[in-house]
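J.: I am attaching a structure below and will ask some questions about it afterwards.
Coordinate-derived values only; no laboratory data. All of these numbers come straight from a predicted model, not from anything done at the bench. A quick note on method: Cβ atoms are made from the backbone with ideal geometry, for glycine too, and the neighbour counts reach across all protein chains shown.
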Amino acid sequence: MEIRLASPIQKDSVVDGPGIRTVIWTQGCPHHCPFCHNPETHSFEGGTIVPVQDIIEEIKSLELQDGITFSGGDPMMQPLACLEIAKKCKELGYNIWCYTGFLFEELLNKPNCLEFLNYVDVLVDGKFDNNLKSYSAKYRGSKNQRIINVKSSLKKKKAVCLREYIIK
Ligand code: SF4
């Protein structure tokens, strides 16, 4: 299996979820949010196609990372490749965050996304809205984006936000 990536995996990020994380930047996003910070990741023809196994080998060799974050682009456009990587990340004991422009509720009916979601701990969902942009909204660009506890949400069949990140 292969995955289309926007760039090589990035170690030591401190802004894509808590702790020190490695980010997998997927290529391809259908949302086209105005003022998106990563417009070069939108094209489904751009980036580089990489064997999933290569990414898994890189993840196996990581040191001193607290978790893995899927970002992009929109990882939910390549759920099966992300699922393969996420399975290995879980075996290695990593906590997994995933950013998406879709809403949690939309993903429940999107092919193969539920399978991937089963391996995701935290989902940051929703499009970037420049009118709701906020530097105080931790780990996201705009206040409408939710930081969701995936396990609880799947159990309750509705989005459950992580209390520590709810903006009042
Ligand atoms: S979902 Fe993310 S990557 Fe896609 S257009 Fe919106 S901000 Fe950009």
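J.: Which of GLN27, GLN53, GLN145 moves most in a GNM of the chain, Cα contacts under 10 Å?
T.: The residue that fluctuates most here is GLN53.
J.: Can you list the HN-Hα couplings for segment 107-119, worked out from phi with the Karplus curve (6.51, -1.76, 1.60; θ = phi - 60°), rounded to whole Hz and with x for Gly and Pro?
T.: For segment 107-119, the Karplus-derived couplings read 5, 5, 10, 8, x, 6, 6, 4, 4, 5, 4, 4, 9 Hz, x marking Gly and Pro.
J.: List the chymotrypsin sites (Phe, Trp or Tyr not before Pro) within segment 1-90 that DSSP assigns to loop and that have no more than 15 neighbouring Cβ atoms inside 10 Å.
T.: Sites meeting the loop and neighbour criteria: PHE35, PHE44.
J.: Run through the DSSP bridge list for the chain and note the antiparallel percent, rounded to the nearest 5.
T.: Once the DSSP bridges in the chain are tallied, antiparallel ones form about 50 percent.
J.: Here's a follow-up. Quick one: putting +1 on the C-beta of Lys and Arg, -1 on the C-beta of Asp and Glu, what dipole do you get for the chain around its Cα centre, in Debye to the nearest 20?
T.: Around 940 debye, computed over the chain.
J.: Note the full-extension length gain between VAL160 and PHE44 as 0.36 nm times their separation in residues minus their Cα-Cα distance, in nm to one decimal.
T.: Gain in length upon complete extension: 38.7 nm.
J.: Counting other Cβ atoms within 10 Å, which chymotrypsin sites (Phe, Trp or Tyr not before Pro) in segment 73-134 have at most 16 and lie in a DSSP loop?
T.: Counting only loop positions with at most 16 other Cβ atoms within 10 Å, none of the chymotrypsin sites (Phe, Trp or Tyr not before Pro) in segment 73-134 qualifies.
J.: Still on this model: When the helix-only estimate is applied to the chain (DSSP H runs of n ≥ 4, each -39,500 (n - 2.57), divided by the residue count), what is the mean residue ellipticity at 222 nm, nearest 500 deg cm²/dmol?
T.: -6000 deg cm²/dmol
J.: May I ask you to list the lysines whose Cα is less than 18 Å away from that of LYS157, ignoring any residue fewer than eight positions away on the same chain?
T.: Correct list for LYS157: LYS110.
J.: Name the longest site-free stretch of the chain, where the excluded sites are GluC sites (Glu not before Pro) in a DSSP loop with no more than 13 other beta-carbon atoms within 10 Å.
T.: 64-168
J.: Net charge near HIS37, counting Lys/Arg +1 and Asp/Glu -1 over other residues with Cβ under 12 Å of its Cβ?
T.: +1
J.: Let me ask another. For segment 1-99, what is the percent of antiparallel DSSP beta bridges, rounded to the nearest 5?
T.: Roughly 45 percent of the beta bridges in segment 1-99 run antiparallel, per DSSP.
J.: Give the lysines reachable from LYS11 as a straight Cα distance under 28 Å; neighbours fewer than 8 places away on the same chain don't count.
T.: LYS60, LYS87, LYS88, LYS90, LYS127, LYS133, LYS138, LYS143, LYS151
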